[in-house]
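So the structure is just underneath, and the comments pick up after that.
Coordinate-derived values only; no laboratory data. Small disclaimer: the values here were computed from a predicted structure and weren't measured. Here the Cβ positions follow ideal geometry from the backbone for every residue, glycine too, while neighbour counts run over all protein chains shown.
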Amino acid sequence: MKVLFVEPFAHREGHPPNEPKRIGYPLIELGAEVSLVTFIGVRGDWINKEGKLAHISFIRPRKFPLRFYQYLDRFLLTRSLCRYLETLLTLSLAIWENRKHKYDLIHILDADPTFFFPLAFTSLLKNQKLILVVYNPPPPKEDWRAILMDFLRKRDWKILAHLARYELGEARLSVFLRKLLYRRAAQNNNFLLVCHTEQIKDSYATYLGGILRDRFVCIPLGVENVAQPVSKEYARQCLSLPLGKRIFLSFGNNHPGKDFKVVFQALKNLSEDNIILFVGKLGPSGIEHDPQGLAHMYEYCASTIIKDAFVPEEEKMLYFTAADAVILSYKKDFIQSASILNDAAKLGTPVIASDVGQLGEFVRSYHLGITFAPEDANSLQQAIMFLLALSDKEKQVIKENFAKFAAARPQEENARSHLAAYQRVLEG
């Protein structure tokens, strides 16, 4: 089976660049032939170094275009326009490559907007075979008056830009045209929408009148194998982290679903031996998603370490080894998958997780740590104290539970689930 991956944002800071590898390599081991189309290559350039995936990019991955796009990404207006442009041009290249080389199926790993460009393109064509990954639920209903009042109070132009985008997308004409395009795409082509949680799948039951409801299939993330682990002391020495402190890790970018504020509220009254370590590329945000600003607000700067940078995969596991626990703090309405849980599973690092969606379900059912009520500082504080009181024997049980969790969700099983989805699309 010949599969063409499409990933327009693999070059972007704060975007996971290893998604084609995570899905593609197990598929190759099962006999698939996988190629990748990107806009300006892959961050870290692992694809050309490892040479397992055939790769073509719209723009050759040179330093100048990468720096130029990183510069444009700093500004609110150009950031969205660039993402639209990258999606549009990368999809155009993928369709052209498909015509030349006759792939069995196109697998779109990311797009912005998620549905519009992929399905609008498909509506103009016939007999296309397509898989589209959906990471987030549909946008919630919002009150434009409340948003406008919020803008007048804060005078933050990002709020006004969000309102304009929301109102444009939810206007009657816009909704009508999208329904028309999506129905035409479904009539003329075969496609499925892949999500990682049942909650995401359920959230689209009524979206646009439910026209996409029967197109969804849930494929949970798999857990990858990890190289031989190193000791905690060695990991901390490599990362220049304090040896005699308790380190709580918060990994990944600062997307809107995360709740950093409650972490500072919970830790500020605990022992000074506790360190909160934020690792990952942080995008532009307000104070509630800015660890540096929150550290100043809660006078916790001395016990806060922030590494605001893209972390290569080989270095990533050192942070999970160095941590005493991983804090997965999300807001009440978070129903997406938390891939950081799978990273913790590779090394058996205990987690303190918001009891939301699939994340809370996995942590509770497999006993991978402890959950707390989302957006509740007292609940998180109690969870931290409970975990710190665990004996070495109880921590070993958590590590064994993680091994069971990983065994139940191997990456090979994830690849087989994708092949099954591909077969459904090919059979119409």
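Under the rule a/c < 1.5 gives rounded, and otherwise a/b versus b/c splits prolate from oblate, where does the chain land using the Cα gyration tensor? Here the chain falls in the prolate category.
Ranking of 78, 38 by neighbouring Cβ atoms within 10 Å, starting from the fewest: 78, 38. For region 232-408, the residue among 380, 391, 302 whose Cα projects farthest onto the positive side of the dipole built from Cβ charges is 391. Excluding same-chain neighbours fewer than eight residues apart, the lysines reachable from residue 393 by a Cα-Cα span under 18 Å are 232, 404. Centre-to-centre, using Cα atoms only, region 355-428 and region 314-333 are separated by 13 Å.
Computed 3J(HN,Hα) for region 230-240, one whole-Hz value per residue from the Karplus formula 6.51 cos²θ - 1.76 cosθ + 1.60 where θ = phi - 60°, is 9, 6, 4, 5, 5, 4, 5, 5, 4, 9, 6, glycine and proline marked x.
Computed extension gain for residue 205 through residue 426, at 0.36 nm per residue and net of the alpha carbon distance, reaches 77.2 nm. Centre-to-centre separation between the Cα atoms of region 236-281 and those of region 20-86: 30 Å. Mark the label point 7 Å from the Cα of residue 56 along Cα→Cβ and return the residues of region 1-22 whose backbone N is within less than 20 Å of it. Residues 1-11, 20-21 fall inside that zone.
The stretch between residue 156 and residue 173, if pulled fully straight at 0.36 nm per residue, gains 3.3 nm over its current Cα-Cα span. In this rough spin-label picture, where each label sits 7 Å from Cα along the Cβ direction, the residue 48-residue 255 distance is 2.8 nm. Mean residue ellipticity at 222 nm, helices only, the chain: -14500 deg cm²/dmol; runs of at least 4 DSSP H residues each add -39,500 (n - 2.57), and the sum is divided by the number of residues.
Applying the Karplus relation 6.51 cos²θ - 1.76 cosθ + 1.60 with θ = phi - 60° to region 131-141 yields 3J(HN,Hα) values of 10, 10, 7, 10, 9, 10, x, x, x, x, 5 Hz, where x marks Gly and Pro.
Compute the orientation-averaged projected area for region 232-408 from the convex hull of its Cα atoms and round it to one decimal in nm². If I average the Cα hull's projected area over directions, I get 9.4 nm². In plain terms, the residue of 108, 398, 211 with the fewest other Cβ atoms within 10 Å comes first and the most crowded comes last, giving 211, 398, 108.
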